[in-house]
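*Asks:* Sharing a structure with you now.
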Amino acid sequence: MLSSDTHVTNQYYVFSGYLRSFFVNSLGKDHTTQFTVKDWWISDYISFFTEEKSVMTIECLQDAEIYRLSRKDMNSLCEDIPKIETFFRNKMKKAFASFQKRILEYLSLTAKERYIKFITNYPEIEQCVKNYHLASYLGITTESLSRIRKIII
């Protein structure tokens, strides 16, 4: 859907389905940064807001219906309808806080605690993503994910 090393001019609203964003480091290791489900938004926001080339790739994990909103259309809507600007500002505040919480949890929680928190908050996502995608999101190997699951069950 969206490949790295491009200029991103759109963000996407997910009406149905599952997507993920990820980047691949210089060693070829895949790092999932976000899963997206119904009623969530996704993009490479660094590229979208700064007009730099993207580093993220976005892929569909399940058939999805998505709606694209370009930066140009978003800016026009915000100029024409002030309540839309408030909507997007509130959406970004919530997303920023969520990403910051995730970073802090990644730094302070054990892998087991991160997994438990994930399945508690997003049980529907765990059921629909591959083990290696979930392990990548949690910052662990698939083998570690299997060990954690065995301990919990």
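*Asks:* If amide H atoms are built 1.01 Å from N in the plane of the peptide, which residues on other chains or at least 5 residues away come under 5 Å of the amide H of Ser54?
*Replies:* Those qualifying (amide H under 5 Å, at least 5 residues apart or on another chain) are Asp5, Thr6, His7, Val8.
*Asks:* Could you work out how far apart the two model spin labels at Lys91 and Glu143 are, taking each label as a point 7 Å from the Cα in the direction of the beta carbon, and quote it in nm?
*Replies:* 4.2
*Asks:* To the nearest 10 degrees, how steep is helix 142-152 against the longest Cα principal axis of the chain, on a 0 to 90 scale?
*Replies:* Its long axis makes an angle of about 70 degrees.
*Asks:* Still on this structure: Can you list residues whose amide H is under 5 Å from Trp40's amide H, if they're 5+ apart or on another chain and H is modeled 1.01 Å from N?
*Replies:* Val14
*Asks:* Would you kindly derive the ³J(HN,Hα) couplings of the stretch 97-108 from the backbone phi angles with the Karplus curve 6.51 cos²θ - 1.76 cosθ + 1.60 (θ = phi - 60°), listing them in order in whole Hz, with x for Gly and Pro?
*Replies:* 4, 5, 5, 5, 4, 4, 4, 4, 5, 4, 7, 10
*Asks:* Here is a follow-up. With the Cα gyration tensor of the chain in hand, convert its eigenvalues to equivalent ellipsoid semi-axes via √(5λ) and list them largest first in whole Å. Write down the numbers at each step before the final one.
*Replies:* Values: eigenvalues 172, 57, 44 Å².
Equivalent ellipsoid of the chain: 29, 17, 15 Å, largest first.
*Asks:* On to the next question. Just to be sure I follow the rule: in the stretch 35-104, considering lysines 8 or more places apart or on different chains, how many pairs have Cα atoms under 25 Å apart?
*Replies:* 19
*Asks:* Here's something else I'd like to know. Leaving ligands, DNA and RNA out of it, report the carbon-plus-sulfur percent of the accessible area of the chain at a 1.4 Å probe.
*Replies:* Details: 5420 of 9700 Å².
Accessible surface attributable to carbon and sulfur in the chain totals 56 percent.
*Asks:* If you don't mind, another one. Which loop GluC sites (Glu not before Pro) in the stretch 1-76, with loop taken from DSSP, have no more than 13 other Cβ atoms within 10 angstrom of their Cβ? Present the calculation step by step, with values, prior to reporting the outcome.
*Replies:* Values: sites: Glu51, Glu52, Glu59, Glu65; in loops: Glu51, Glu52.
For GluC sites (Glu not before Pro) across the stretch 1-76 that sit outside H, G, I, E and B with at most 13 neighbouring Cβ atoms in 10 Å, the list reads Glu51, Glu52.
*Asks:* Can you list the residues, at least 5 places off or on another chain, whose amide H is less than 5 Å from the amide H of Tyr18, using H built in the peptide plane?
*Replies:* Leu61, Gln62
*Asks:* Is the shape of the stretch 1-58 rounded, prolate or oblate, going by the alpha carbon gyration tensor and its root eigenvalues a ≥ b ≥ c, with a/c under 1.5 for rounded and a/b larger than b/c for prolate? It would help to have the intermediate numbers written out before the result.
*Replies:* On the way: a/c = 2.56, a/b = 1.26, b/c = 2.04.
Oblate.
*Asks:* So which lysines can Lys150 reach, going by Cα to Cα under 26 Å and dropping same-chain residues fewer than 8 places off?
*Replies:* Excluding near neighbours in sequence, the set is Lys29, Lys112, Lys117, Lys130.
*Asks:* Out of the trypsin sites (Lys or Arg not before Pro) in the stretch 37-70, which ones are loop residues according to DSSP with at most 14 other C-beta atoms within 10 Å? Walk me through the intermediate numbers first.
*Replies:* Details: sites: Lys38, Lys53, Arg68; in loops: Lys38.
For trypsin sites (Lys or Arg not before Pro) across the stretch 37-70 that sit outside H, G, I, E and B with at most 14 neighbouring Cβ atoms in 10 Å, the list reads Lys38.
*Asks:* Using helices alone, I'd like the mean residue ellipticity at 222 nm for the chain: each DSSP H run of four-plus residues gives -39500 (n - 2.57), total over residue count, nearest 500.
*Replies:* Values: 7 runs with 79 residues, N = 153.
Mean residue ellipticity, 222 nm, calculated: -16000 deg cm²/dmol.
The values are calculated or read from the model by the stated rules, or taken from the named source; none is laboratory data. Everything quoted here is computed from the prediction, not taken from an experiment. Virtual Cβ from ideal backbone geometry, glycine too; neighbours counted across all protein chains shown. The protein model used for the area step is the full one, side chains on, heavy atoms only, and it has no ligands, DNA or RNA in it. Shrake-Rupley method; radii C 1.70, N 1.55, O 1.52, S 1.80 Å.
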